[in-house]
Amino acid sequence: MLSIDHIVIAAKNPEKAANDFGQEHGVAVTKGGQHASWGTNNYLAFFRNDCYIEWIGIFDETTAARSSNPLIHLLFRELAEGHEGPIQIALRTNHMDDNIKNLQELNIPFTGPVPGSRKRPDSSLLEWRMLFPEIKGEVLPFLIEWGEGKNTPQDSKLINDKAIDSVSMVVTDPEKFASIYQLNMASQKARLENAELKLSDQLHFSIE
């Protein structure tokens, strides 16, 4: 079963955006690191139900503009147009190859798996790969599979005693959406391993 891995928030200044959110909602935030090959950096807030929020920004526009990663394309475009806020959802899988096979059988185009990595503040390397299903005119959640260990803080005190209990997003074709992610959709909702996914008129999330 898929899980909510993280919510991606575009921010011109990830540190300020994360700290402002942390003060407003009473959650701890922490520096993530830099994605050198994408020209981006991030701040993070971790939650007790094994997911997190990522505030991501661009520190090297030239590198970001050249990236072939669909997420960086989206981030670059949103920030260039002056948009900040939630832009994407990552769903965690432990069976990336099965997800690829499913998309191939459905004849759904995709990009990936795209490898990713960054150095943590302690210089240890975090690695993952991403899969981007594609439907023209839509921003679909991407799938992420972590390497050795998930993106969790080394200091357990940084895991907030709160949970992202639901995520809502815009979907034009619920039936196709359900088939892409192999979900059982009922009443515009699907239960994931750690949260509820809802179909709505905007991308947003709630914390309990």
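What follows is calculated from the coordinates using simple rules that are stated; it is not laboratory data. For clarity, every value in this text was computed on a predicted model and none was experimentally measured.
Okay, here's what the table says:
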quantity	calculated
Whole-Å distance, taken between Cα centres, linking the stretch 107-123 and the stretch 142-203	18 Å
Subset of Lys31/Lys176; Lys12/Lys119; Lys12/Lys198; Lys16/Lys119 violating a 26 Å alpha-carbon distance limit	Lys31/Lys176; Lys12/Lys198
Cα-Cα separations in the stretch 168-208 greater than 10 Å, expressed as whole percent	71 percent
P(r) tail fraction, the stretch 3-207 - alpha-carbon pairs more than 25 Å apart, %	34 percent
